[in-house]
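One structure is given here, and the rest of the page talks about it.
Every number in this text was worked out from the coordinates using simple rules, so none of it is lab data. In this text, all values refer to a predicted model and were calculated from it rather than measured experimentally. Here the Cβ positions follow ideal geometry from the backbone for every residue, glycine too, while neighbour counts run over all protein chains shown.
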Amino acid sequence: MASCYRRHLSQPMLATIASMDFALMTEPQMGGTYDQLLAAARWAEHVGLVSFARSDHYYFDREPHPDATDAFATLGGLARETTRIRLAVLVSPITFRHPAVIAKNAVTIDQMSGGRFDLGIGTGWMELEHQAFGLPFPPWRERFDRLEEALRYVEHAIGRAKGPMAGDYYSLDAEVHPRPTDLRLIVGGSGPHKTPALAGTHADEYNPFVGRPDEIAPKVERLRSAAQDAGRDPNSIAVSVMGPVLTGRDERSYRDRLVKMAAARDRDPDEFEQRWADHGIPIGPPSRVRDTIAALESVGVSKYYLQHFDLTDLSNLDEAVEALTG
C-alpha cells in the first residue's frame, strides 16, 4: 500500500458540519498508478468524504508523457477495495465507447461495489486526445446529439425506460441484465444551455466546473426547467460542482501555499489569487473558503468535488478538507 495512505490512516474521521457534501476528484491522465488511486480513495473514505471520482482521459500532452490508466478498469478495482464511499467517473466521453459498453461497465461496477457507482457521461472535449489515439471527434452538434441518444440508451439498458430504443446513432432491442442496484447518472459539462437541459431530462446529478454563483444560478434554473418539462421533480436532481481549492489552516499557512503555487506558475501571488477568486474557485484562509462554499449553496449546489492533481502527494488534502468542513 502506498506510503502516503499509511501516513493518513491513523488520523480521526473528520466531522462534517457544513451542509455541503464533499468528494475527491482526481485526474489520473496527469499521472498516477492504480496503487496511488487506491491510496487516495481509501484516504477519502477514511476522512468521511461522500464520493471518490476520477476523470476518463487516455492522454495528457506533457513530456514525458505520464501514465494514463483506464477509468472503468481502475474503478472496478476500487469497488472491491473500498467499502462505504461512492465511486464515480467524471465523465466518460461518448466518443470513447459505444453506450452498450458504457452501460455494461457501469452495471458491472455497480454490482462489484454493492451499489456505490455513479456514471458520469459527457460529450468529450479534448480533440488532441482523439487525434493521438485515432478516435473520431465529431462536430459539437453531433456530439451533443450522440450524448442525448446515449443517455436514452443507458436508461433503457438499466431498466429505467421500457421497450426498445432507436435513434440516428444508437439502437437497443434487448432486455439487458444485470440490472443495477443503485446506479446514479451524472451529466457533466460547463455549457450554459444543452448540458443542464440534458441533465434535467435524464440525470440524477448535474456537474459543471465551479464558477461564480451568478454563473451557476442560470444553469441550475435551466436544469430545473428541463426537469419540469420532462415531468420530473426538479428538486430530485442534485447539483454539484468540480474545482480546486487553495487554503490552509490559517492565514499564514494559506499565504505560504499561495506563494508556492503562484511561483510554480510564474505568477504574482496577488494576481493569481484574484484570478481564481474571479472564477469562483474557493481560495483563501478557512473563513473565506467557507464563505465561497456558502455562496454556492445559496444557488442550489449541494456537493463539491475537490479536484486534486498530484496522486503522489496527499499531504495538503487534510487541511483543505478541514477548512471546507469547519
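A few points about this structure:
- Alpha carbon convex hull of segment 41-129, projected area averaged over orientations, nm²: 6.1 nm²
- Net charge dipole size for the chain [Lys, Arg +1 and Asp, Glu -1 on Cβ; Debye, nearest 20]: 600 debye
- Table column - 3J(HN,Hα) (Hz), segment 145-159, Karplus curve with 6.51, -1.76, 1.60, x for Gly and Pro: 4, 5, 4, 4, 5, 5, 5, 5, 4, 4, 4, 5, 5, 9, x
- Read-out P(r) over Cα pairs in 20 Å bins from 0, in percent, derived from the coordinates shown; its label in (1) 29, 42, 25, 4; (2) 31, 60, 9, 0; (3) 25, 45, 23, 7, 1: (2)
- From its DSSP helices (H runs of at least four residues, each -39,500 (n - 2.57)), the chain gives a residue-normalised ellipticity at 222 nm of -13500 deg cm²/dmol.
- Farthest positive-ward along the chain dipole, Cα basis, beta-carbon charges - from MET261, GLN111, VAL321: GLN111
- The angle separating the long axis of helix 34-46 from the principal Cα axis of greatest extent in the chain is about 70 degrees.
- Derived scalar couplings ³J(HN,Hα) [segment 236-249; Karplus, 6.51 cos²θ - 1.76 cosθ + 1.60; whole Hz; x for Gly, Pro]: 7, 9, 6, 10, 10, 10, 10, x, x, 9, 10, 7, x, 5
- Amide hydrogen proximity for MET25: with H placed 1.01 Å from N in the peptide plane, the residues at 5 or more positions away or on another chain lying under 5 Å are ALA53, LEU306, GLN307, HIS308.
- Centre-to-centre, using Cα atoms only, segment 65-103 and segment 289-326 are separated by 23 Å.
- Listed residues GLN307, ALA294, PHE272: farthest to the positive end of the dipole of segment 265-313 (Cβ charges): ALA294
- For segment 210-239 and segment 145-199, distance of Cα centres in Å: 19 Å
- With θ taken as phi - 60° and the Karplus curve 6.51 cos²θ - 1.76 cosθ + 1.60 applied, the whole-hertz 3J(HN,Hα) list for segment 306-317 is 6, 7, 10, 9, 9, 6, 7, 9, 9, 5, 8, 6 Hz, x standing for glycine and proline.
- Among LEU38, LEU128, LEU87, residue whose mean-square fluctuation peaks in a GNM of the chain (springs only between Cα atoms under 10 Å): LEU128
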